[in-house]
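Okay, structure first, notes after.
The values are calculated or read from the model by the stated rules, or taken from the named source; none is laboratory data. Just so you know, these numbers come straight off a predicted model, no measurement behind them. So basically every Cβ, Gly included, is an ideal-geometry build from the backbone, and we count neighbours across all protein chains shown. When the accessible area is computed, the model is the full protein with side chains, heavy atoms only, and any ligands, DNA or RNA have been set aside. Shrake-Rupley method; radii C 1.70, N 1.55, O 1.52, S 1.80 Å.
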Amino acid sequence: MKKIDSKDIEVIKESIPSKETGSRGYSTIEYNYIRVHKVTKKPLRGRYKVIIDKDEFYIAYFKKGNLVIKDKVNMVKYYRKDILWKFYFYFKDNYILLSKSNIDNDDIIRIQTFKNEDFDEKNAVNMYVSKNGVTEFLKTIMPTIKEKDIKEFLKDF
C-alpha cells in the first residue's frame, strides 16, 4: 500500500458529458472528482493510505484518480486514533457514509447519502438506523456489497 499526505493531493473537478436531459430539456451536468499528486499531476492509482494528520488517516482505492469505480462498490475507510471511524461506500453515482452518531445511544448509526457530488457532509440526506438494520439497508441499495465489509465496520461500534 502506498502512502501519501493529504496536503499532496489536488482534486480536479471534471465534467462528464451526459446523454440524459432534464424535465425542461436541458442536459444534466455531472462531475468526476479526480485526485492527482500536486507535484506530478498524475492521477492516483491503486490503494493508498492518505495521512490527514497524526491521529487521522483513510485508506482508499483510486482508479485513474477516481473513487467511483464503474459497477463496483468502492470503500473508503477513515480512522481516528487507529479506530475505524467512518466508512464511505461508493456505488455508481451515489455514495453513502456510515459514521458514529452523536445520539447518546450506542446502537444507532448515522447514515448519510449523497449523489453526483464529491463528498461534502453538509449536503447529505441523514438517516439514523440501528446496528441491526444497517446490513439490510445497505444490501437493499447496493446489492453487490459484501456482508463481511459491513461486519468489519460494525465490530468497532
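Can you find, within the range 123-157, the residue that is modelled with the lowest pLDDT among those that are open to solvent by less than 40 Å² (accessible area, probe 1.4 Å), closer than 26 Å to ASP82 by Cβ and in a helix (DSSP H, G or I)? Here the answer is PHE153. When SER99 is tested against (1) open to solvent by 30 Å² or more (accessible area, probe 1.4 Å); (2) modelled with pLDDT under 75, only condition (1) is not met. Among the residues of the range 37-69, those identified as in a strand (DSSP E or B) and over 17 Å from the mean Cα position of the chain (by Cα) are HIS37, PRO43.
Give the range 57-82 a look and list any residue that's in contact with a strand residue (DSSP E or B) (Cβ under 6 Å, 6 or more places away or on another chain) and open to solvent by 50 Å² or more (accessible area, probe 1.4 Å), or say none. Passing the criteria: TYR61, LYS64, VAL68, ARG80. Restricting the range 1-29 to residues that are open to solvent by less than 50 Å² (accessible area, probe 1.4 Å) and under 24 Å from the mean Cα position of the chain (by Cα) leaves a set whose member that is modelled with the lowest pLDDT is SER18.
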